[in-house]
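The values are calculated or read from the model by the stated rules, or taken from the named source; none is laboratory data. These numbers were taken from a predicted model, which means no experiment stands behind them. Here the Cβ positions follow ideal geometry from the backbone for every residue, glycine too, while neighbour counts run over all protein chains shown. Surface accessibility is based on the protein's heavy atoms, side chains included, excluding ligands, DNA and RNA. Shrake-Rupley method; radii C 1.70, N 1.55, O 1.52, S 1.80 Å.
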Amino acid sequence: MPSLDRKESASLYLQTIQALDDMLQALVMEDMDPNMPILQNFLEIILPWLILSEKVHEQTRALGTIAQMLRFICNFPELSHMMEFSMSGKLIGILGLFCMNANYEISTGASEALHYLFKILVLHRSMKQKTEAILKDLQKHFRGGWFANIQSLTMFFRKYLTPEERADVIMVSMEAMTNANRHDVCAASKMLKMILKYSMPEIGKVPEIIQYICHNMNSITETTAQGTIKKILYLLAQTYTDEVILTLFKMEDQSQRGVHKPWEILASFPKGYEVIMEFLLQKLAPHQKSKGQEPSHGMEISPLIATRAIHELLLEPSRRMEVQTFFSSLFMALLLRISFLVLEGDTDIQDQQHAAEWVDPVSSSMGALKTLMLSTGYGDYVSYVQKLGAWELLTSPERHYEGVTLLARTMVIKNCWHNRPIFSLIIRMLQEQDYTNHLTALVFMTELLRCPGVAAIADEAAVRILADWFHSEEPATVKLLLQVVGIFAKHRNMVRQLHILQPHLLHCCYSQDSAVVMEALAALRCLTEHLSWQHSSSFLTQLTFTLGPFFEEESEQLRLMAFETYRALLAKVKRTVLVFPLKHQVLNLIVLLVLHLEDVNISVAQICRPALCRTAAILGWSRLKVIFAEKDVWTILRALLRQEANKALWFLKQCTTLFKSPQAPIRQAAVRFAGQIIQTLDAEEAGDIEEVYAALRSMREDPDPMVSCLATQTLYILEAQEKLLVNTPTSCFCSRRPRKGYS
């Protein structure tokens, strides 16, 4: 029963409270210093009376007790087990919220307790030389208004709390937002808005914060609070992208469906969307570390998780403009990711674990690529690629590059706006000579270049980057570059760029890889057909010499391509430009063209006749041109030898070269024509052909019996004629010089 004398009652009450406070202070002590774990135990018992009670006097009493204990602690320069005191953040958050309480006694009590807590942090966490100045500044705001307290709280949040303690402050504020009391919700929003006003310092317990946001998002209905929660998620995603995304997928994969709301929130911030996309793009590249952020607590997202995150963000319709900006980078990153997975397999252990459990990396990447195209307005492209069967080809290790080609072809056929940005991006990628997926990039780029708009931006710098890749020892890479040369030639306006590539093209003709040589000759044929003599005379002249060895190739296809190229080259030559050394080489190939009318490949023989006619035209041989067009090989050879008798030794040398032809009919014709030429030589000329006789003697061992027999017969005839000339008297004192034996 209350005493009748209220003064005595009040005095007894105050003395009792003081005794209780003194007792708590005594219990906190360990030897001569306060024991902080014991203080934490006491606070954990007292705080529910503050948080859960709805009675003002209980809340005021709890705040008073906390303030007295913290004030007592401030008197000690040394504290026992201070590192084990782990509730500074939680306590600051709770006291900060109560500073904004509508009740004056409660807000004042909270302000006082918060002041002493700040003082403890300053005494034990600040630099000694700055402690006194900070304490003086803190004293100015003692028992100040809520705004001054929140300003101090913001400063302490950034400078004096650990990452985990900062997380506790955020968690306390978010818990208050789920409260039915509108005042608590507003107070929490104000406090979070203040502490997040500037750049976010390091925060701990990110997964716990994300999980709390996802679990309680629907229960937060107040507009300001919703905006604050979204901002927290956005800021954490910007700074701790790995942890945020891993947590979201962990929740989703644990059958906690309905987690799509956070992706919607992340997509609602344009700047944050761009930052996150950039981060995820870097994560997609295999064997390549992402720049900028370093994963905390050992958490780092794998390429598979990055792909899934990109897919989720692409599903949000609010960021269509940003997707347009990222299309080229995303498109190539996803395509290269698919190539890596299909051709090499996923080497990431984390990805392998996920794939074994629930997600196929290839399907995930393919789905993201299709979603990207759909969200950018290229839905008809997706259907067209499906019609071509390219999606299935992309997943086939054997035919993957066919799928890449068809995908690029679709972009060209549909005249995609992003073709040029994608080409520029690929060129930047190829600047790194050790780029991992260069073959996929080259296949796609080669097809893109068929678009005139893309070829138009292939400047000299870009072409020099491509030229450097000719040094690759990988035949597939070189073959693609040779195709690029042919494509450039067809565009007809890329003469300067072709000049950079031409030396590499000629060099490829001497490759040890037959497929590369084949592709090089195809490119040369294309160049010859499309280049003009005016702009490329030097190259075309050099080409006539390069083609020489290929006219006697065993491969019919290579031989045919060489003759086709030479015919196209002759079509460019006019009589006015036929000067040394081109004229010399044209004459040097006359006998070869005639004898290859006997080529086993009918297509080659059909090319040689118009080539001979063109040769006669540019040399001014009008009579021979008619004979070249209509007559057989031997009529042509006799007419040639009769008209150009002064070139007999030259023709003989050409015949001797053809003794080595892989075709028996060519060797046979060469031996026969050589014999005819020798018979027309005078004594002086005949004295300079010992090498020819040696070559004829060697032809007696030819594997073809007809060639061997003809060589033997030719030698006998020549020997008989020689003897006849020696034994025949002449009117002059000179005669043919006796020849050495033919056997």
* Between V600 and E402, what FRET efficiency comes out of the Förster formula 1/(1 + (r/R0)^6) with R0 = 35 Å and r the beta carbon distance, rounded to 0.05? -> 0.55
* Structure fact -> A correct Kirkwood calculation over the Cα atoms of the range 13-204 returns a hydrodynamic radius in Å of 16.9 Å
* Hand me the tally of lysine pairs in the range 535-725: alpha carbons under 27 angstrom apart, and the pair either on different chains or 8 or more positions apart. => 22
* Asked: Kirkwood hydrodynamic radius for the chain: how many Å is it when counted over pairs of different Cα atoms?
  -> 34.2 Å
* Pairs of Cα atoms under 8 Å, at least six residues apart: use those to get the relative contact order of the chain, whole percent. => 5 percent
* To do: Mean Kyte-Doolittle of at least 1.0 plus a Cα span of 30 Å or more along the axis: flag which DSSP H helices in the chain meet both, please.
  => 320-344
* To do: Enumerate the aspartates and glutamates that K271 could reach by cross-link, defined here as Cα to Cα under 14 Å, with residues fewer than 8 away along the same chain left out.
  => E322
* Structure fact -> If the chain between K136 and T680 were fully extended at 0.36 nm per residue, the gain over the current Cα-Cα distance would be 183.7 nm
* To do: Report the semi-axes of the equivalent ellipsoid for the range 488-631 in whole Å, largest first, where each axis is √(5λ) for an eigenvalue λ of the Cα gyration tensor.
  => 24, 19, 12
* Asked: At a 1.4 Å probe radius, carbon and sulfur cover how many percent of the accessible area of the range 17-110?
  -> 59 percent
* Quickly work out the A456-to-H471 label distance, labels modelled 7 Å from Cα along the C-beta direction, and quote it in nm with one decimal. => 3.3 nm
* **FRET efficiency for S268 and W417, using Cβ-Cβ distance with R0 set to 25 Å, rounded to 0.05** => 0.40
* **Scaled radius of gyration (Cα, divided by 2.2 N^0.38 Å) that the range 535-725 gives** => 1.03
* the range 535-725, relative contact order in percent, only Cα pairs under 8 angstrom and at least six apart counted -> 16 percent
* Structure fact -> Links exceeding 21 Å between C-alpha atoms in this model, out of K230/K261; K90/K130; K197/K283; K414/K479, come to K90/K130; K197/K283; K414/K479
* Asked: With no solvent and one point per C-alpha, what does the Debye sum give as log10 I(q)/I(0) for the range 397-446 at q = 0.15, 0.31 Å⁻¹?
  -> -0.41, -1.17
